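Report on the following structure.
The values are calculated or read from the model by the stated rules, or taken from the named source; none is laboratory data. Keep in mind that this is a model prediction, so the values were computed, not measured. Glycine gets a Cβ as well: all are built from the backbone with ideal geometry, and neighbour counts include every protein chain shown. Ligands, DNA and RNA are stripped out before the accessible areas are found, and what is left, the full protein with its side chains, is counted by its heavy atoms. Shrake-Rupley method; radii C 1.70, N 1.55, O 1.52, S 1.80 Å.
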Amino acid sequence: MVIAPSGSIASALDQLALEADDDVLAVVGAAPDADTRAVIVTPSLGRASRRAWSLFGGSVLGRNAVRLTPLDTGRRFAGATRRSTRLRAAIADADLIVVLERDGILAGWHAARRAGSRTSAVYGVPAAQGRLAEARAERRR
């Protein structure tokens, strides 16, 4: 499972080099920029969130202030994913949760907690490559 709120996953998928026979991919986020087998599209930001980011997102202090409010995009994305029944089913089947963007970290953390100890969760492509290599080595044994 790949969590990318913006849907920008094409370069990450190229780097992960998924094996078509063994790996099934679920993308959580906006409509992805690459072909995938399963997509769970989450709602876009509301007007208030977009307005807050346009007003305060230009400075470090403003971004940090917005992150402390319920208008934080990561918090809103995590809330949308927690309410998704399709996502709950996908989490139950996931072996690896890969978070590609900062706004997906909270959603990835919640997903990993729901999935239990058999599911690994990582942030970024290098960590995902390592976990995939470990899993493939275990399958070959």
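Residues whose amide H falls under 5 Å from that of Val27, counting only those 5 or more places apart or on a different chain, are Val2, Ala38, Val39, Ile40, with hydrogens built in the peptide plane.
For the chain, the alpha-carbon coordinates run over 54, 28, 26 Å along the three principal axes, in decreasing order. Treating only the Cα positions of the range 50-91 as identical point scatterers, give the base-10 log of I(q)/I(0) from the Debye formula at each q in 0.24, 0.26 Å⁻¹. Taking Cα atoms of the range 50-91 as identical point scatterers yields -0.73, -0.80. Extension gain, Arg51-Arg67: 0.36 nm per intervening residue step, less the Cα-Cα distance, totals 4.4 nm. Label-to-label distance for Arg86 and Glu138 is 2.8 nm, based on points extended 7 Å past Cα in the beta-carbon direction. With the highest mean first, a sort of the peptides 2-14, 52-64, 106-118 on other beta-carbon atoms found within 10 angstrom per residue produces 2-14, 106-118, 52-64.
What part of the accessible area of the chain, given as a whole %, is carbon or sulfur when the probe is 1.4 angstrom?
That share works out to 53 percent.
Accessible surface for the chain, divided over its residues, is 58 Å² per residue with a 1.4 Å probe. Over all orientations, the range 38-120 has a Cα convex hull whose mean projected area works out to 5.8 square nanometres.
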